[in-house]
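Have a look at the structure below, then the notes.
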Amino acid sequence: MKIKGVYEHYGHKKTRLRYHIILVTKYRRKCLNDIKDGVFESFKHVEEKSKIKIHYMNLDKDHIHLMISFPPDYSLSQVINRLKQGTLNYLYMHYNDHLRKYYWSNKRKLWSDSFFASTVGMISESKVHDYIKNQG
């Protein structure tokens, strides 16, 4: 069964790669809720300026969950860095006074160096295993 619109096309490449990403604020500072709309806008801004597609996002006080996809030519680290840097710049441009309440250094900070990433699939690992095993 073929499902239209399920796959993304990048030239001669056809993929359906989804990632669940969690980005945490530096020092787990609870600074996101008061600027929730701005945080969403910042991620949408990065999405518009790149080939990253954000399918879903939601946040809590000190972290944000994203479901994203991006071209297979990009590495996960490149995408994470682009998301963090782009949103940092956008948020400091629009919410500098708010963020300075939480981060006093001359350096602009927002995101922890760490992140969580997991792939999200349409089928289970066992189904893929069975499919590959039964080829030929």
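The values are calculated or read from the model by the stated rules, or taken from the named source; none is laboratory data. Please read all numbers here as calculations on a predicted model, not as lab measurements. Note that we place each Cβ from the backbone using ideal geometry, even for glycine, and neighbour counts take in every protein chain shown. Surface accessibility is based on the protein's heavy atoms, side chains included, excluding ligands, DNA and RNA. Shrake-Rupley method; radii C 1.70, N 1.55, O 1.52, S 1.80 Å.
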Q) Quick one: would you say TYR10 is touching a residue at least 40 places away in the same chain (Cβ under 8 Å), more than 15 Å from LYS84 (Cβ to Cβ) and aromatic (Phe, Trp, Tyr)? A) yes
Heads up, the strands (runs of 3 or more DSSP E) in segment 1-67 (entirely inside) with at least 3 residues that are open to solvent by 40 Å² or more (accessible area, probe 1.4 Å) are 53-60
Within segment 114-136, the residues that are open to solvent by 100 Å² or more (accessible area, probe 1.4 Å) and either touching a helix residue (DSSP H, G or I) at 6+ places or on another chain (Cβ under 8 Å) or assigned to a loop (DSSP other than H, G, I, E, B) (or both) are MET122, ILE123, ASN134, GLN135, GLY136
Residues of segment 87-132 being closer than 23 Å to LEU59 by Cβ and among the acidic types (Asp, Glu), in sequence order, are ASP97, ASP113
| query | Just a yes or no: is a residue in segment 116-126 in contact (Cβ under 8 Å) with a residue 24 or more places away in the chain, touching a Ser or Thr at 6+ places or on another chain (Cβ under 8 Å) and not hydrophobic (A, V, I, L, M, F, W, C)? | reply | no
